[in-house]
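A short write-up of the structure that comes next.
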Amino acid sequence: MRIVILDKADEAARFTADILIKKIQSKPDAVLGLATGSTMLPVYRELINAHRNSELSFAAVSTFNLDEYLGFAPDHPQSYRQFMKSRLFDLIDIDQSNTFVPRGDAKDPLQECRDYDRLIEEKGGIDIQLLGIGRNGHIGFNEPGSGFMSRTRIKTLAPATLEDNARFFGDNEFRPHLSITMGIGTILSARKVVLLASGEGKADAVRAAVEGPLTASCPGSALQLHANAVIVVDEAGAGKLEHGAFYKYAEAENRKLLESPGKA
Ligand code: GLP
């Protein structure tokens, strides 16, 4: 894993956005895996700015979101489809018919899950999968206990997740407790995965994912199995890493190598 520790959350978001921007520049029809959550907002702002200022075009890009609340139609104000529309899709030149989010209102949700995995394959697979991480180590909605080989399916939200997401819902509003989420196996099939985490609240999850044992109790730890995983964290999120100082040193060396490969 490449572990990149940056001082502030906005620098970590910019670094993450740059990875996506470079991919789109080199492969205009890139297939991106996208995530929701507050951590992603500054990343999407960077992408929007790049579109406006440097005319980065998303016209040929396709996107697959990690997850959606089961039961929510795409036009439900709290759906992840709406999150993506208002935070990114409506603000760039992407063809909305190339943006995919599982249908929370599918008549046959199990079929929807199978179709989602098939569609990803038909599009040639995901070039870069963007990920956040839950306080309990979840990726997408793969809660503790999720199998590392799992594909897109229905998952029950863990109590910690319900608690964390309660802030987005009004007091008397229905709060979904089920989701459709890409499986860990689906995520690991992406050619590259980039996990972004920031803030003290994520420090335990980051430590468990990066340095803990491979365990279904921390779904993020599955990324240790990926051959091309980048973990981007701010200082606060990196605060509990045992080998934080080493990762910084290794990343500095890595950059020297990338800048002048001949000198190695
Ligand atoms: C949700 C999403 C996850 C996301 C997590 C963290 O539960 N399903 O994909 O990583 O929230 O969200 P935040 O970035 O707001 O902490």
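The values are calculated or read from the model by the stated rules, or taken from the named source; none is laboratory data. In this text the structure is predicted, and so the values were computed from the model without any measurement. With ideal geometry, Cβ positions are generated from the backbone for all residues, glycine too; neighbour counts draw on all protein chains shown. Ligands, DNA and RNA are excluded from the accessible area calculation, which covers all protein heavy atoms including side chains. Shrake-Rupley method; radii C 1.70, N 1.55, O 1.52, S 1.80 Å.
Consider the stretch 138-149 and keep the residues that are surrounded by fewer than 24 Cβ atoms within 10 Å (Cβ to Cβ) and among the hydrophobic types (A, V, I, L, M, F, W, C). The one that is nearest to A229 (Cα to Cα) is F148.
Let's see how each residue does on (1) in a helix (DSSP H, G or I); (2) open to solvent by 20 Å² or more (accessible area, probe 1.4 Å):
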| site | (1), (2) |
| --- | --- |
| L162 | yes, yes |
| R167 | yes, yes |
| N172 | no, yes |
| R175 | no, yes |
| A190 | no, no |
| L196 | no, no |
| G201 | yes, yes |
| R207 | yes, yes |
| V210 | yes, no |
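The rows are residues; the columns are (1) open to solvent by 20 Å² or more (accessible area, probe 1.4 Å); (2) more than 16 Å from the ligand (Cβ to nearest atom); (3) without any contact (Cβ under 8 Å) to a residue 40 or more places away in the chain; (4) β-branched (V, I, T).
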{"site": "A9", "(1), (2), (3), (4)": "yes, no, no, no"}
{"site": "D18", "(1), (2), (3), (4)": "yes, yes, yes, no"}
{"site": "L34", "(1), (2), (3), (4)": "no, no, no, no"}
{"site": "I48", "(1), (2), (3), (4)": "no, yes, no, yes"}
{"site": "H51", "(1), (2), (3), (4)": "yes, yes, no, no"}
{"site": "D67", "(1), (2), (3), (4)": "no, no, no, no"}
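Residues in the stretch 114-137 that are open to solvent by less than 50 Å² (accessible area, probe 1.4 Å), assigned to a loop (DSSP other than H, G, I, E, B) and within 16 Å of the ligand (Cβ to nearest atom): I126, G132, I133, G134, N136, G137.
Within the stretch 212-243, the set of residues being in a helix (DSSP H, G or I) and crowded, with 19+ Cβ neighbours inside 10 Å comprises P219, G220, S221, A222, L223. Residues in the stretch 150-159 that are open to solvent by 30 Å² or more (accessible area, probe 1.4 Å) and without any contact (Cβ under 8 Å) to a residue 40 or more places away in the chain: R151, K155, T156, P159. With respect to Q82, is the statement that it is within 16 Å of the ligand (Cβ to nearest atom), open to solvent by 10 Å² or more (accessible area, probe 1.4 Å) and assigned to a loop (DSSP other than H, G, I, E, B) true? The answer is no for Q82. Checked against (1) out of contact with any Leu (no Cβ under 9 Å at 6 or more places or on another chain); (2) touching a residue at least 60 places away in the same chain (Cβ under 8 Å), T181 meets all criteria but (1).
Selection of the stretch 157-189 for residues being more than 9 Å from the ligand (Cβ to nearest atom), over 28 Å from G239 (Cα atoms) and in contact with a Gly (Cβ under 9 Å, 6 or more places away or on another chain) yields F174, P176, L178, I180, M182, G183, G185, T186, S189. Considering only the stretch 90-98, I want to know if a residue exists there that is surrounded by 14 or more Cβ atoms within 10 Å (Cβ to Cβ), touching a residue at least 24 places away in the same chain (Cβ under 8 Å) and assigned to a strand (DSSP E or B). Among the residues of the stretch 90-98, not one is surrounded by 14 or more Cβ atoms within 10 Å (Cβ to Cβ), touching a residue at least 24 places away in the same chain (Cβ under 8 Å) and assigned to a strand (DSSP E or B), which makes the answer no.
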